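Below is one structure, written out as structure tokens, with a few remarks after it.
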Amino acid sequence: MIEAQNSIVIGAPIGNVWDYVQDISRWANLFPGCRECTVIDDHNSRWLIKVGAGGLVRTVNVMVRVERWDGPERVDFSYALEAEPVVGGGSYVAAMKEPHETEITLKVRVEGSGSMAPMWEAVSRPLLPQLAKSFSGRLKTEIENGATAALATASATPARPAPLRLIATWLRRTWQKLFG
């Protein structure tokens, strides 16, 4: 098993960070090598990812499952490569550092099995920390750019919450509390 962890501070309030990360397709768009993301439901998605190390380049289908949406502070997820003996998981943990700063920590682990496990571990060991760092950096940039744009828009026009978005958020949270 191989694990990687990366922490960064994002220059945005925790609510703005959560508004961004609660959409799994946004995660996929930032993930290095992700070519496509198909959202199946609120917890499941399929990602098509091109991975490479040295001369070895492969495209893999990855089933991603969000095990727990506990926003704005936490998301736990698992994944499995289709047609490959590789599974893993991880977490996203956020905490307000200052009113307009959020510290996030991303953790991810890879577990290979069978006769190919040594190969997967050899390939993953140097790549996993790089992927975590690259993803964290992209997430930070994207959220901070969005927060800057939101502040510019808010100063130009009075803020009004979108009623359907508020209702959808309330329904999703209520559903999760009732049914997990």
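The values are calculated or read from the model by the stated rules, or taken from the named source; none is laboratory data. Here the structure is a predicted model, which is why all the values come from computation and not from measurement. So basically every Cβ, Gly included, is an ideal-geometry build from the backbone, and we count neighbours across all protein chains shown.
Taking the numbered list (1) within 17 Å of I24 (Cβ to Cβ); (2) surrounded by fewer than 19 Cβ atoms within 10 Å (Cβ to Cβ) in turn, V108 passes all entries but (2). Just give me the residues in the range 106-118 being free of Cβ contacts under 8 Å to residues at least 40 places away in the same chain and either assigned to a strand (DSSP E or B) or at positive phi (or both), in sequence order. Correct list: G112, G114. Scanning the range 96-105 for residues that are farther than 25 Å from P126 by Cβ and either surrounded by 15 or more Cβ atoms within 10 Å (Cβ to Cβ) or without any contact (Cβ under 8 Å) to a residue 40 or more places away in the chain (or both) gives M96, E98, E101, T102, E103.
Residues that are among the charged types (D, E, K, R) and out of contact with any strand residue (DSSP E or B) (no Cβ under 6 Å at 6 or more places or on another chain) within the range 93-109 comprise just one, E98. Looking only at residues in the range 56-95 that are surrounded by fewer than 16 Cβ atoms within 10 Å (Cβ to Cβ), small (G, A, S) and touching an Asp or Glu at 6+ places or on another chain (Cβ under 9 Å), the one that is farthest from P118 (Cα to Cα) is A95.
Within the range 137-144, can one find any residue that is among the aliphatic types (A, V, I, L, M), out of contact with any Asp or Glu (no Cβ under 7 Å at 6 or more places or on another chain) and either assigned to a helix (DSSP H, G or I) or at pLDDT below 90 (or both)? Yes, the conditions are met somewhere in the range 137-144.
If you go through the range 79-103 and pick out every residue that is of a type in the set (A, V, I, L, M, F, W, C), more than 17 Å from P32 (Cβ to Cβ) and out of contact with any helix residue (DSSP H, G or I) (no Cβ under 7 Å at 6 or more places or on another chain), you end up with 5. Check whether at least one residue in the range 50-64 is at pLDDT below 90, farther than 19 Å from T105 by Cβ and of a type in the set (S, T, Y), and report yes or no. Checking the range 50-64: at least one residue is at pLDDT below 90, farther than 19 Å from T105 by Cβ and of a type in the set (S, T, Y).
Output the residue which, of all residues in the range 106-139 that are β-branched (V, I, T) and in contact with a helix residue (DSSP H, G or I) (Cβ under 9 Å, 6 or more places away or on another chain), is nearest to I8 (Cα to Cα).
Taking the range 106-139 and keeping what is β-branched (V, I, T), we get 108, 110, 123.
Then keep just the ones that are in contact with a helix residue (DSSP H, G or I) (Cβ under 9 Å, 6 or more places away or on another chain); that gives 108, 110.
Details: V108: 15, V110: 21 Å.
Among residues in the range 106-139 that are β-branched (V, I, T) and in contact with a helix residue (DSSP H, G or I) (Cβ under 9 Å, 6 or more places away or on another chain), the one nearest to I8 (Cα to Cα) is V108.
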